[in-house]
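Note sheet for the following structure.
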Protein chains: 2
Amino acid sequence: MKRLLSGIALVLAPLPALAAPPAVPEAGVTPGAVVAAAAAGEWRRIAPGDLVVMDLAPLAAGPAGASAPRRVVIQLIAPPFSQGWVENIRKLAAAHWWDGLAIVRVQDNYVVQWGDPDGDDPRKARPLPAGLRAMAERDYVVPVRSAGAGKTDPALAIPDGGSWASDPYVQGAAPASPAGLTGFSGGWPIAYLPRGPHEDGAGGATGRMVGEAWPVHCYGSVGVGRSVSPDTGTGAELYTVIGHAPRQLDRNIAVVGRVIEGIEHLSSLPRGTGELGFYETAAERVPIVAMRLGSEVPGLPAYEYLATDSESFARYARARANRKDDFFIRPAGGVDVCNVPVPVRRAR
Amino acid sequence: MKRLLSGIALVLAPLPALAAPPAVPEAGVTPGAVVAAAAAGEWRRIAPGDLVVMDLAPLAAGPAGASAPRRVVIQLIAPPFSQGWVENIRKLAAAHWWDGLAIVRVQDNYVVQWGDPDGDDPRKARPLPAGLRAMAERDYVVPVRSAGAGKTDPALAIPDGGSWASDPYVQGAAPASPAGLTGFSGGWPIAYLPRGPHEDGAGGATGRMVGEAWPVHCYGSVGVGRSVSPDTGTGAELYTVIGHAPRQLDRNIAVVGRVIEGIEHLSSLPRGTGELGFYETAAERVPIVAMRLGSEVPGLPAYEYLATDSESFARYARARANRKDDFFIRPAGGVDVCNVPVPVRRAR
């Protein structure tokens with residue numbers, strides 16, 4: 001039953017609407033000021049077990065501070081989107097599987113990728129831990145269902161469609177499909193595609209399907225590298241987005257987390273000169289000293305994110321869509337889901 | 001009359017539609033394959049006078065190849081969007097004004113900015129060349145008019161609205177405003193906002209206004225840094241986008257070009273640790289050895305871009321919106337304007 005959302009609070013926070021007239025901007029209120037004024041109770045602590053910490057080898061030489069550690073902190077995505085991949089990543093981190101492996105690919109305006117440089121060579125590849133789950137392409141999306149009899153499950157609080165943002169990457173296959181939407185659920189940017197009446201699945205006592213949802217690729221998103229279909233990857237090969245949101249990857253590859261601190265250690269790496277930005281020599285690769293679950297890292301700060309169902313998050317999203325202050329003279333009146341990064345901070 | 005488009009071919013290339021059903025993907029046809037197969041006549045040569053070449057000081061030390069030059073090639077935007085800013089940039093480059101100045105700011109997922117580090121200190125600032133034009137906030141957009149009497153100017157070939165992509169950042173202020181659209185014109189990604197009937201401007205013999213258009217901020221876009229409104233900048237302070245498209249800057253700051261080669265020399269720079277990503281010490285700044293008009297650079301290769309009104313560009317945009325090959329299993333059926341980078345190559 002893992003693919004059904006019954007009992008899981010998928011609370012979808014609205015983005016400023018596309019079709020509706022722009023909301024009246026709160027003049028002079030910047031997104032940063034809204035976040036700074038958020039109440040303590042609107043922040044959610046991230047459990048250390050939901051963090052993965054990757055320490056890269058310090059820069060060998062160069063400008064001042066080059067010998068400082070390069071630490072990247074990744075938050076793992078929450079259920080129901082975590083699927084089996086996040087379980088695999090926890091296993092790999094617990095086994096210290098990534099230690100001594102490397103960043104192998106840096107493609108400009110696209111991704112940084114890391115894993116086993118010898119992964120394609122069966123004689124040299126590092127063995128994977130036992131018990132990793134095999135996932136399927138259907139797991140890229142999470143079915144969303146109603147409580148049956150036309151009544152929406154109270155746990156699935158989808159606001160009125162008009163208060164959501166439509167999005168070019170969220171479309172049904174059939175011409176009569178209702179428009180897809182993007183917003184936030186449980187602290188994550190997601191897409192939601194309702195099914196048209198003619199697309200309703202089998203109903204019955206457990207309720208009928210009302211659509212599907214999936215996490216989207218934004219700057220800083222972490223995903224599971226894979227080979228060609230139907231392979232979906234184990235989670236051993238990971239990547240982070242370092243450019244404009246490659247939304248074409250949505251529903252084609254698993255999003256399993258996001259970088260919440262230290263992304264500059266990835267985004268500022270020299271670009272690879274090989275095909276797809278792969279480093280051409282072993283010397284160019286950036287060694288991974290250690291990659292650990294946050295619960296295994298002594299002295300790791302506590303982190304928290306701004307709840308996406310909070311009033312402050314709604315004001316923050318409106319402010320992102322309606323920049324109006326001493327600098328911004330003409331608010332756009334809208335924003336795309338990847339231009340509303342979920343605020344994350346060290347806990348106070 | 002510079003603000004009217006009469007006689008200027010503003011040919012708007014369609015993006016795959018948002019509301020229409022997804023086009024049937026051409027299975028196995030990748031965007032790269034479409035571009036590689038484009039006919040020679042579909043490419044447009046970029047005049048050397050429309051290029052600016054910025055040479056950064058080589059890396060002082062470090063990995064192999066670190067002493068190679070760091071050359072960034074920028075294409076200046078075409079009329080009618082060039083306005084007076086591009087004229088100013090040509091004057092500044094001809095005066096070798098940037099030589100010896102520096103990159104002063106690198107903010108992750110946002111911009112790299114360069115100019116005079118002492119620009120805010122009147123005693124130390126480098127004097128600007130005489131005759132730079134002062135531009136106004138109204139110049140961030142270009143009015144688009146019809147030929148009068150309800151007849152669209154043949155030079156303004158706006159396709160049917162249904163074949164364009166609506167966009168959250170392109171909205172009119174009034175509730176009844178028609179939806180704005182994004183697409184391509186003359187090789188550049190632009191937004192176009194028609195005016196509603198009640199917003200029609202003064203008419204007369206020269207025709208009535210039908211809307212306005214402006215260039216949009218995508219990865220690699222080059223814009224004119226400025227202070228708070230109503231300052232609009234001269235063009236002496238420039239920036240390049242190195243992250244997710246900051247579309248909130250559209251209509252708030254001037255887009256004057258794009259990086260067509262060497263953006264990795266900007267996007268991989270160490271991030272500044274000061275406020276807004278400014279470098280905190282002079283030692284961190286990256287010196288500009290020279291910045292020149294392309295017509296002044298000996299041995300510069302010729303560049304060309306794929307005409308955005310060509311059949312191959314249309315196929316390329318459709319392929320970007322409908323990725324379907326050995327890797328992509330589920331085409332999105334849509335794409336945002338900044339995820340369709342205009343192909344540019346060295347001329348063959």
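Test of understanding: among A:V34, A:V29, A:V53, which residue is assigned to a helix (DSSP H, G or I), surrounded by 15 or more Cβ atoms within 10 Å (Cβ to Cβ) and at pLDDT 65 or above?
When all the criteria are applied, what remains is A:V34.
For the range A:177-275, give me every one of the strands (runs of 3 or more DSSP E) that falls completely inside it and has 3 or more residues that are at pLDDT 95 or above, within 10 Å of another protein chain (Cβ to nearest Cβ) and surrounded by fewer than 24 Cβ atoms within 10 Å (Cβ to Cβ).
Output list is empty.
Are any of the residues in the range A:81-104 of a type in the set (A, V, I, L, M), touching a helix residue (DSSP H, G or I) at 6+ places or on another chain (Cβ under 6 Å) and part of a loop (DSSP other than H, G, I, E, B)?
No, the range A:81-104 contains no residue that is of a type in the set (A, V, I, L, M), touching a helix residue (DSSP H, G or I) at 6+ places or on another chain (Cβ under 6 Å) and part of a loop (DSSP other than H, G, I, E, B).
Just one of the numbered conditions (1) of a type outside the set (K, R); (2) surrounded by fewer than 19 Cβ atoms within 10 Å (Cβ to Cβ); (3) not in a loop (DSSP other than H, G, I, E, B) is not true of A:F327; which one?
Going through (1) of a type outside the set (K, R); (2) surrounded by fewer than 19 Cβ atoms within 10 Å (Cβ to Cβ); (3) not in a loop (DSSP other than H, G, I, E, B) one by one, A:F327 breaks only (3).
Do any residues in the range B:85-106 that are within 13 Å of B:I288 (Cα to Cα) have Cβ atoms under 7 Å from those of residues that are among the acidic types (D, E), where the two are at least six apart or on different chains, and which pairs are they?
Once the first residue is within 13 Å of B:I288 (Cα to Cα) and sits in the range B:85-106, its partners that are among the acidic types (D, E) give B:L101/B:D116.
Check the range B:300-307 and report whether any residue there is of a type in the set (F, W, Y) and either more than 11 Å from chain A (Cβ to nearest Cβ) or open to solvent by 30 Å² or more (accessible area, probe 1.4 Å) (or both).
Yes, because at least one residue in the range B:300-307 is of a type in the set (F, W, Y) and either more than 11 Å from chain A (Cβ to nearest Cβ) or open to solvent by 30 Å² or more (accessible area, probe 1.4 Å) (or both).
Only one of (1) within 14 Å of chain A (Cβ to nearest Cβ); (2) modelled with pLDDT under 90; (3) surrounded by 14 or more Cβ atoms within 10 Å (Cβ to Cβ) is not met by B:A64, so which one is it?
Result: B:A64 passes all but (3).
Condition (residue is under 26 Å from A:A332 (Cβ atoms), in a loop (DSSP other than H, G, I, E, B), at pLDDT 75 or above and open to solvent by 60 Å² or more (accessible area, probe 1.4 Å)) applied to the range B:134-151: is it met by at least one residue?
Yes - at least one qualifying residue is present in the range B:134-151.
Within the range A:276-299, restricting attention to residues that are open to solvent by 40 Å² or more (accessible area, probe 1.4 Å) and under 27 Å from A:R346 (Cα atoms), which residue is nearest to the other protein chains (Cβ to nearest Cβ)?
A:P287
Is it the case that some residue within the range B:268-286 is over 14 Å from B:V73 (Cβ atoms), in contact (Cβ under 8 Å) with a residue 12 or more places away in the chain and among the polar types (S, T, N, Q)?
Checked against the condition, which is being over 14 Å from B:V73 (Cβ atoms), in contact (Cβ under 8 Å) with a residue 12 or more places away in the chain and among the polar types (S, T, N, Q), the range B:268-286 yields no hits at all.
All but one of (1) among the hydroxyl-bearing types (S, T, Y); (2) more than 30 Å from A:G233 (Cα to Cα); (3) in contact with a strand residue (DSSP E or B) (Cβ under 6 Å, 6 or more places away or on another chain) hold for A:S310; state the number of the condition that does not hold.
Of everything listed in (1) among the hydroxyl-bearing types (S, T, Y); (2) more than 30 Å from A:G233 (Cα to Cα); (3) in contact with a strand residue (DSSP E or B) (Cβ under 6 Å, 6 or more places away or on another chain), A:S310 misses just condition (3).
Name, by its number, the condition in (1) within 23 Å of the chain's Cα centre (by Cα); (2) within 11 Å of chain A (Cβ to nearest Cβ); (3) among the aromatic types (F, W, Y) that does not hold for B:F327.
With respect to (1) within 23 Å of the chain's Cα centre (by Cα); (2) within 11 Å of chain A (Cβ to nearest Cβ); (3) among the aromatic types (F, W, Y), B:F327 is out only on (1).
Do we have any residue at all in the range B:289-300 that's among the charged types (D, E, K, R), within 20 Å of B:V342 (Cβ to Cβ) and in contact (Cβ under 8 Å) with a residue 40 or more places away in the chain?
Checked the range B:289-300: no residue is among the charged types (D, E, K, R), within 20 Å of B:V342 (Cβ to Cβ) and in contact (Cβ under 8 Å) with a residue 40 or more places away in the chain.
What's the total number of residues in the range B:308-324 that are open to solvent by less than 30 Å² (accessible area, probe 1.4 Å) and more than 14 Å from chain A (Cβ to nearest Cβ)?
Count: 5.
The values are calculated or read from the model by the stated rules, or taken from the named source; none is laboratory data. These numbers come from a predicted model, not from an experiment. Using ideal geometry, Cβ is built from the backbone for each residue, glycine included, and neighbour counts are taken over all protein chains shown. Accessible surface areas use protein heavy atoms only, side chains included; no ligands, DNA or RNA. Shrake-Rupley method; radii C 1.70, N 1.55, O 1.52, S 1.80 Å.
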